[in-house]
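Only one structure is covered here, and it is reproduced in the block below.
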Amino acid sequence: MESKESISACICQKAEIAKIVLMPGDPLRAKALADKYLEDTVLFNDTRNMLGYTGLYKGHKISVMGHGMGVPSIGLYAHELYSQFNVESIIRIGSAGGLDMDVEARDIVIASGASSNSTYGNAYGIPGQLAAVADYDLLEKAVSTAREKNVKFKVGKVYTSDFFYYPQTGLNEKLRDFGHLAVEMECAGLYWTAAANRCKALAILSISDHLFKPIALSAIERQDSFTDMMEIALDTAVAFAD
């Protein structure tokens, strides 16, 4: 099933999309990142206001574009970027709810893999469960970058949910007890899509709230204050850019 209204329908010809794309869920966060960190930026996409920019970071061509909410949304945009625009690597930069008791607001979680209640991966026709895992090269570079920046981070599995408001009780406790660091809504979809296209993917997440602690950032704080996450992603991207 394909939509006639895809990002390929409204690409600005003034810029090519880079080989590596950073993708926050919120397109306004994509704009904020481009305005703050990229030079010589041009807008390559504004279809449905899913803003996408290409520019230079430390002399390397980097793109940044929103991906929306949920596995189907990131799956659509990631598939088109991989299959139609020669993108080789995507790094999701987004917020997540903490599950592990050692993580706090604004801490960084680098997702080595993702469990999920989504059935999106079933469409690829592999019997059983298709593993949703990060690309090791991207992961290794992100970890070394985080260490160099001396920021607090953890590496491990997250849980990708199709529900923001899950209708049953007890799930969060089970996820925590099985070692999940955080819960979010897109990581597994990105990892499955990357595997299907034989491309690279990674999710670097910043904790915006916690399921077992009374901490939460406002929408404005989530948009504007995730500096460590964005800089780790940008410096990781440099190693995989043109």
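Throughout, read-outs are computed from the coordinates displayed, never taken from laboratory work. From a predicted model like this one, the values you see are computed outputs, not experimental measurements. In this analysis, Cβ positions are derived from the backbone assuming ideal geometry, glycine residues included, and neighbour counts consider all displayed protein chains.
Summary of computed values
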{"read-out": "Approximate spin-label separation Met101-Asp209, in nm, with each point projected 7 Å along Cα-to-Cβ", "value": "2.2"}
{"read-out": "Eligible lysines near Lys154 by straight Cα distance, threshold 25 Å, same-chain separation 8 or greater", "value": "Lys141, Lys174, Lys200, Lys213"}
{"read-out": "Surrounding net charge for His210, when Lys and Arg each add one and Asp and Glu each subtract one, Cβ distance under 10 Å", "value": "-3"}
{"read-out": "Difference of contour (0.36 nm per residue) and Cα-Cα distance, Asn122 to Leu43", "value": "25.0 nm"}
{"read-out": "Environment charge at Tyr159 (Cβ cut-off 13 Å; Lys +1, Arg +1, Asp -1, Glu -1)", "value": "-3"}
{"read-out": "Estimated vicinal HN-Hα couplings, Hz - segment 103-113 in sequence order (Karplus 6.51, -1.76, 1.60; Gly, Pro = x)", "value": "9, 10, 4, 6, 5, 9, 10, 9, 8, 6, x"}
{"read-out": "Among Ala146, Ala114, Ala131, residue whose mean-square fluctuation peaks in a GNM of the chain (springs only between Cα atoms under 10 Å)", "value": "Ala131"}
{"read-out": "Gyration tensor (alpha-carbon) shape descriptor, segment 6-157, a/c threshold 1.5", "value": "oblate"}
{"read-out": "Longest segment of the chain lacking trypsin sites (Lys or Arg not before Pro) that sit in a DSSP loop with at most 15 other Cβ atoms within 10 Å", "value": "59-151"}
{"read-out": "Amide hydrogen neighbours beyond the local backbone of Ala182, cut-off 5 Å, H modeled", "value": "Leu99, Asp100, Tyr159"}
{"read-out": "Helix-only [θ]222 nm of the chain, DSSP H runs n ≥ 4, -39500 (n - 2.57) each, per residue, nearest 500", "value": "-9000 deg cm²/dmol"}
{"read-out": "Under 16 Å from Lys58, Cα to Cα: lysines that are on another chain or at least 8 residues apart", "value": "Lys19, Lys36"}
